[in-house]
Amino acid sequence: MKVIAFNGSARKNGNTAILLDVVLDELKKEGIETELYQLAGKKIRGCLACYKCAQNKDRSCSMKDDALNECIAKMIESDGIILGSPTYFTDVTTEMKALIDRSGLVTRANGDLLRRKVGAAVVAVRRAGSIHAFDTLNHFFFISQMIVPGSNYWNVGIGRNIGEVEKDEEGLRTMKILGENMAWLLKKLHARS
Ligand SMILES: Cc1cc2nc3c(=O)[nH]c(=O)nc-3n(C[C@H](O)[C@H](O)[C@H](O)COP(=O)(O)O)c2cc1C
């Protein structure tokens, strides 16, 4: 089993990455393979609305000159997908929104390729807007027919400068429990009956 986590932050080793690592560590403890994919520094643009994905049905976006098709391939090969983003103006980052729009359209146009995979959202925030960003990420999972485990709070960690989220004990605990629940769910879904 494999879980791919996408970090939409412009800062590779920032608060979102720290939170994602806590979730991934719990998955690793349960023997699940993990990968952290950084959108930072990657060229990734928004959807052109060309709808070529619906015509071609080749599991890829018609724009071949950026990182998006690599991301889609990683989603398709994985059993679980985590989308992590800092809060930017009370929503996800531009790069994360581009990932959502383009991978969402391509996978739906090809017969709901993410159906029944497990999805989880992770958000870093300084002060306000995290739940709006959390909702944006979860919209992707639900329209993709994915299954979403919870934690004991919404999956948010608080901090502004890099590393500040380490002081948010409750946020870290939320991520740990999220990782435990995601691993539990993946094992149930993939158990041989
Ligand atoms: C362009 C920009 C917009 C931001 N907007 C918000 C916001 O709306 N609300 C908030 O609480 N923090 C906001 N922040 C702060 C970040 O969410 C916060 O620093 C977060 O921990 C960054 O995560 P990272 O280290 O993974 O990049 C913003 C930061 C930037 C750079």
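The values are calculated or read from the model by the stated rules, or taken from the named source; none is laboratory data. The structure displayed is predicted, hence computed values, not measured ones. Ideal geometry is used to build each Cβ from the backbone, glycine not excepted, and the neighbour counts take in all protein chains shown. Quick note on the areas: whole protein, heavy atoms, side chains included, nothing else; ligands and nucleic acids left out. Shrake-Rupley method; radii C 1.70, N 1.55, O 1.52, S 1.80 Å.
So the values come out like this:
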read-out	value
The range 1-144 - share of DSSP beta bridges that are antiparallel (%, nearest 5)	5
Net lengthening on full extension, residue 90/residue 116 (0.36 nm per residue, minus Cα-Cα)	6.5 nm
Phi-based couplings in Hz for the range 61-72 (Karplus 6.51, -1.76, 1.60; Gly and Pro marked x)	8, 5, 7, 9, 9, 9, 7, 4, 5, 4, 5, 4
Whole-percent carbon and sulfur share, accessible surface of the range 1-151, 1.4 Å	49
The chain - charge dipole about Cα centre, Lys and Arg +1 at Cβ, Asp and Glu -1, debye rounded to 20	460
Probe 1.4 Å, protein heavy atoms only - accessible area per residue of the chain in square angstrom	49
Ranked by how many other beta carbons lie within 10 Å on average, peptides 139-150, 12-23, 47-58, 173-184 from highest	12-23, 173-184, 139-150, 47-58
Entries of 2/176; 43/187; 97/176; 64/117; 2/187; 97/188 with Cα pairs more than 23 Å apart	43/187; 97/176; 64/117; 97/188
For the range 34-43, Karplus couplings with θ = phi - 60° (6.51, -1.76, 1.60), whole Hz, Gly/Pro x	9, 9, 9, 10, 8, 7, 4, x, 8, 6
Area projected by the alpha carbon convex hull of the range 70-119, averaged over all directions, nm²	3.6
Translational D in µm²/s for the range 90-143 (Stokes-Einstein at 25 °C, 0.890 mPa s, Kirkwood Rh from C-alpha pairs)	207
Quarter of Cα convex hull surface for the range 1-106, i.e. mean projection, nm²	6.8
Mean separation of Cα contacts under 8 Å (6+ apart) over length of the range 25-139, as relative contact order %	30
Average projected area [Cα convex hull, the range 49-99], square nanometres	4.5
The chain, relative contact order [Cα under 8 Å, separation at least 6], %	27
Span per principal axis, largest first, for the Cα atoms of the chain (Å)	48, 45, 23
Of 105, 67, 156, farthest towards positive along the dipole that unit charges on Lys, Arg, Asp, Glu beta carbons give the chain	105
The range 162-173 - phi-based ³J(HN,Hα) in whole Hz, Karplus 6.51/-1.76/1.60, Gly and Pro as x	4, x, 4, 5, 5, 7, 8, 4, 5, x, 5, 5
Estimated FRET transfer efficiency (residue 167, residue 127; beta-carbon r; R0 22 Å; 0.05)	0.95
Distribution of pairwise C-alpha distances over the range 1-63, 10 Å bins, in %	20, 33, 29, 18, 1
Between the range 43-113 and the range 158-193, the Cα center-to-center distance that results, in Å	24
